[in-house]
Structures are given as C-alpha cells and as structure tokens.
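Reviewing the structure listed below.
The values are calculated or read from the model by the stated rules, or taken from the named source; none is laboratory data. What you are looking at is a predicted structure, and each value in this text was computed from that prediction instead of being measured. Cβ placement follows ideal geometry from the backbone for every residue including glycine, while neighbour counts extend to all protein chains displayed.
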Amino acid sequence: MIEKKDVALEKAVLIGIITREQDEEKSKEYLDELEFLTYTAGGEVEKRFTQKMEKPDPRTFIGTGKLEDVRQYIKEQDIDTAIFDDELSAAQERNISKALDVKVLDRTNLILDIFAQRAQTSYARTQVELAQCEYLLPRLRGMWTHLERQKGGIGMRGPGETEIETDRRIVRDKIALLKERIKTIDKQMAVQRGNRGKMVRVALVGYTNVGKSTLMNVISKSDVFAENKLFATLDTTVRKVVIQNLPFLLSDTVGFIRKLPTQLVESFKSTLDEVREADLLLHIVDISHPNFEEHIDSVNKILGEIDSNDKPTIMVFNKIDAYKAEPLADDDLETERTKRHYTLAEWKKTWMNKIGDNALFISALNKQNLEDFKKRVYSEVREIHVTRFPYNHFLYPDYEEDN
Ligand SMILES: Nc1nc2c(ncn2[C@@H]2O[C@H](COP(=O)(O)OP(=O)(O)OP(=O)(O)O)[C@@H](O)[C@H]2O)c(=O)[nH]1
Ligand SMILES: [Mg+2]
C-alpha cells in the first residue's frame with residue numbers, strides 16, 4: 001500500500017527558516033545536512049530559500065511572498081520537488097502543494113524515504129513501513145482533500161469522507177499487523193541474544209556517517225557496508241571480536257540524526273535493543289565535521305530516549321586525518337577566534353580533557369591510533385569479562401605485556 005517515493009535524480013529546492021532560536025548559521029548547517037539527505041535520497045539541490053520569521057506560518061510555513069518566489073523559480077527551472085527542513089502539518093503540506101504544484105516533502109519524509117530505500121531485511125522493512133504508516137495516519141485527511149480538489153470537489157464530499165474513514169481503518173489495521181510482526185521477530189531475536197551467554201557486549205553508536213561501520217570493519221575484519229551517504233547501515237550487525245585472546249561481541253547499528261522522526265525512533269527501538277543491552281558503548285564522533293558537538297548532543301538525547309545514557313561509554317573521535325581548523329591569519333584582528341579555529345591539540349584541552357582516558361582520537365580509514373583504541377577497549381572489556389568469568393582472569397594479562 002505504501003510506496004516509497006521515487007526521488008531518483010530529481011531536481012530539488014530546499015526551504016528553511018531563520019528564527020531567533022535558529023540563527024543564520026544554524027539554519028545554514030541544517031540546510032547543509034538537508035542537502036546531504038537529499039543527495040542520499042537521490043536528488044540534486046538547485047537552490048536554497050530561507051526566510052527570517054518569528055515563527056513558521058501555520059498555513060504556508062513561509063510567508064506567501066516568499067512562497068511566490070519559490071513558485072516562480074520552480075516553474076522557470078523545472079524543479080520536481082520542494083523540500084522543507086521542518087516537519088509540515090497536514091494543512092501546510094496541502095496549502096504549499098496547491099501553491100507550488102510540485103511534490104512537497106519535509107525532512108521526515110526524506111529520512112523515511114532513505115530508510116525505505118536502504119531497508120534490506122524484512123525486519124528493517126517492517127520497521128520502516130510501520131514508521132511510514134504512523135506518519136501517514138494523521139495526514140490522510142489532507143491527502144484526500146488534495147485528491148478531491150483535483151477531481152473538482154463538487155459532489156465528492158460524502159463519499160470522500162467515507163473514503164477517509166476507510167483509509168484510516170486500513171492504515172490502523174496495517175499498523176496493528178506490523179506491530180504484531182515486529183513483536184514476533186523481537187522474540188526470536190531476544191532468544192538469539194540470550195544464546196550469546198555472558199559474553200561482553202560492546203555497541204558502536206553515533207551520528208550517521210561518522211565511520212562506525214568502517215571501524216567495525218577494521219576491528220573485526222568483517223565486511224559491513226560503509227559509504228559516504230547517510231544511513232548506510234540500517235540493520236544491526238553483530239560480530240565476535242577477539243583482542244589478544246579476549247573475545248567480546250561488537251555491534252554496529254543505525255546512525256542517529258537530529259530531528260530524527262519520532263515514528264522512526266519508536267519503530268527502530270527493537271533494532272536499538274543491541275545498544276540498550278550493551279555493557280559498553282563506543283560513542284563514535286566525526287571530529288572533522290564542523291558540528292560534531294551538536295551531533296554528540298543529538299546522540300546523547302536519543303540514547304536517553306532508549307534508556308541507555310548512563311552506560312559506561314568511551315568517546316572515540318574519528319577522522320582525525322580529515323580534521324582541519326579554519327585558518328586564521330596572525331594579522332587578522334577582525335575575525336573573532338572561535339572553536340572553528342581550534343587545532344586538534346587545543347580541542348584536546350577543552351572538555352575532552354575532562355573525560356581523560358575515555359576520549360580516544362583515531363582514524364579508522366588510515367588506521368591511525370588503532371593500537372591505543374584496542375588497548376583501551378581491551379582493558380574496559382577485560383574488567384567486565386573477569387566479573388563474569390572470574391576463573392579465567394589469568395588468561396588476560398595487561399595489554400602491553402603481551403606485545
Ligand atoms: N577521512 C576519513 N573518512 C572516514 C574515516 N572513517 C570513515 N570514513 C568515511 O566516512 C564515510 C562514512 O563511513 P561509514 O563507516 O559508512 O559511517 P557510519 O557511521 O557507519 O554511517 P551510517 O551507517 O550511515 O550511520 C565513508 O565514506 C568512510 O570512508 C576516517 O577515519 N577518516
Ligand atoms: Mg554504518
């Protein structure tokens with residue numbers, strides 16, 4: 001019933017707003033990310049529109065004047081899709097579609113679309129479909145009204161209303177069915193996890209595209225799909241890893257993103273069980289990304305939502321090979337020196353210094369500092385391991401002794 005929107009090679013425009021809470025710089029960052037999402041979904045961004053507003057217009061999100069600018073551009077440049085950075089209400093979506101006469105998407109649509117494209121296993125597909133249904137349900141009325149308009153409207157009202165109710169019931173039934181299916185798979189997966197016994201479980205978590213799968217591959221010599229697009233990984237992969245005789249389980253799972261649709265967090269909760277049940281989290285951060293601090297906050301927020309924010313965690317700052325401070329000339333007295341101008345050494349003296357041993361700096365791609373990484377993970381895993389298997393303590397000497 002629910003078909004993935006096909007946005008392959010589509011020409012798109014992005015639309016965002018600048019408010020008091022979301023200043024120009026923030027807005028630009030969000031649109032950068034939205035552009036990356038668009039690219040991941042198979043679209044190409046031709047232009048961005050932004051507008052300064054107190055708050056979004058409840059009818060058309062942006063002002064009608066701005067909307068007219070967008071309409072003209074879309075018409076002149078033959079644009080296929082208009083993508084909004086924030087979630088649109090059913091009414092906004094309807095009014096904007098009517099005005100622009102092209103496909104209108106919001107960030108949630110886009111993320112759901114990418115997830116739909118990427119879902120490989122039936123489990124992932126079921127979860128995505130559930131999220132799509134939940135997103136669709138409150139919007140059904142809007143969609144039908146839209147059709148009604150196309151059909152001219154007159155005389156359509158009665159049957160139209162009935163149709164909405166029927167559609168709603170179908171979607172609700174579908175939601176119930178999908179939830180049931182997920183529950184069944186969950187039970188099977190819980191059994192599988194149970195069979196793994198007392199092995200120490202370590203989970204890679206982090207924002208999308210930070211290099212979790214790349215790290216998984218170098219550590220476990222496995223072959224997990226890694227790509228410079230968002231959400232390369234949707235399903236959780238678990239591998240047995242051995243560092244100096246010490247075995248443990250390492251899992252790689254879906255990356256997080258800010259403004260992750262609540263429907264998705266909800267339906268992916270079971271995928272995230274691996275994180276919830278982990279003994280140790282490796283929070284991977286792409287330190288070469290200008291917004292990495294905000295990414296950390298988003299990840300911590302989602303970890304909180306799945307009750308996993310108080311687990312032992314090692315912060316792993318990845319992509320140190322790609323880290324570049326914004327240059328600031330000595331004689332430049334105009335530009336204020338901000339975090340963007342910090343060198344890596346300066347960063348290490350900030351709050352990162354406070355987490356001490358629990359901050360690691362690596363490049364998974366260039367295999368830099370991987371020895372430090374292994375050593376740190378080894379000692380942490382060993383500590384947990386020996387509480388479960390006290391009798392084989394002697395098997396695991398200090399990391400260095402064996403080198
Ligand atoms: N420069 C640099 N690039 C890296 C490094 N580690 C990973 N990458 C690149 O970053 C991109 C994303 O890597 P993935 O391993 O797919 O990232 P992920 O965190 O698994 O992403 P999702 O599964 O999409 O959430 C790929 O193009 C990698 O080659 C690194 O240490 N340095
Ligand atoms: Mg991945």
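So, Glu294, is that one touching a Lys or Arg at 6+ places or on another chain (Cβ under 9 Å), within 29 Å of Leu260 (Cβ to Cβ) and in a loop (DSSP other than H, G, I, E, B) or not?
Spelling it out, it is not the case that Glu294 is touching a Lys or Arg at 6+ places or on another chain (Cβ under 9 Å), within 29 Å of Leu260 (Cβ to Cβ) and in a loop (DSSP other than H, G, I, E, B).
Name the single residue that is farthest from Leu88 (Cα to Cα) among those in the range 219-262 being in a strand (DSSP E or B) and within 15 Å of ligand 1 (Cβ to nearest atom).
Arg239
Out of the residues in the range 201-259 that are on the phi > 0 side of the Ramachandran plot and under 20 Å from the mean Cα position of the chain (by Cα), which is modelled with the lowest pLDDT?
Checking each candidate, the answer is Phe231.
Out of the residues in the range 176-218 that are in a helix (DSSP H, G or I) and within 16 Å of ligand 1 (Cβ to nearest atom), state the one that is surrounded by the most Cβ atoms within 10 Å (Cβ to Cβ).
Among those residues, the one meeting the criterion is Lys212.
Just checking, how many residues over the range 173-226 are away from ligand 2 (no atom under 13 Å from the Cβ) and in contact with a Ser or Thr (Cβ under 8 Å, 6 or more places away or on another chain)?
Total satisfying the criteria: 8.
For the structure I just gave you, tell me whether Ser298 is within 16 Å of ligand 2 (Cβ to nearest atom), at pLDDT 90 or above and either small (Gly, Ala, Ser) or farther than 18 Å from Ser213 by Cα (or both).
Answer is no for this residue.
Considering only the range 85-116, how many residues are surrounded by 19 or more Cβ atoms within 10 Å (Cβ to Cβ) and of a type in the set (S, T, N, Q)?
4
Quick check on this structure: which one of Glu294, Glu274, Glu266 is acidic (Asp, Glu) and under 30 Å from Asp398 (Cβ atoms)?
It is Glu274.
Considering only residues that are buried (at least 16 other Cβ atoms within 10 Å of the Cβ) and in contact with a Ser or Thr (Cβ under 8 Å, 6 or more places away or on another chain), which ones fall in the range 58-84?
If the condition is that a residue be buried (at least 16 other Cβ atoms within 10 Å of the Cβ) and in contact with a Ser or Thr (Cβ under 8 Å, 6 or more places away or on another chain), then Leu67, Ile83 are the ones that fit.
From Arg340, Arg376, grab the single residue that is assigned to a helix (DSSP H, G or I), of a type outside the set (S, T, N, Q) and crowded, with 18+ Cβ neighbours inside 10 Å.
Arg376
Have a look at Leu264, Leu272 and point out the one that is without any contact (Cβ under 8 Å) to a residue 40 or more places away in the chain and of a type in the set (A, V, I, L, M, F, W, C).
After ruling out the rest, the residue left standing is Leu272.
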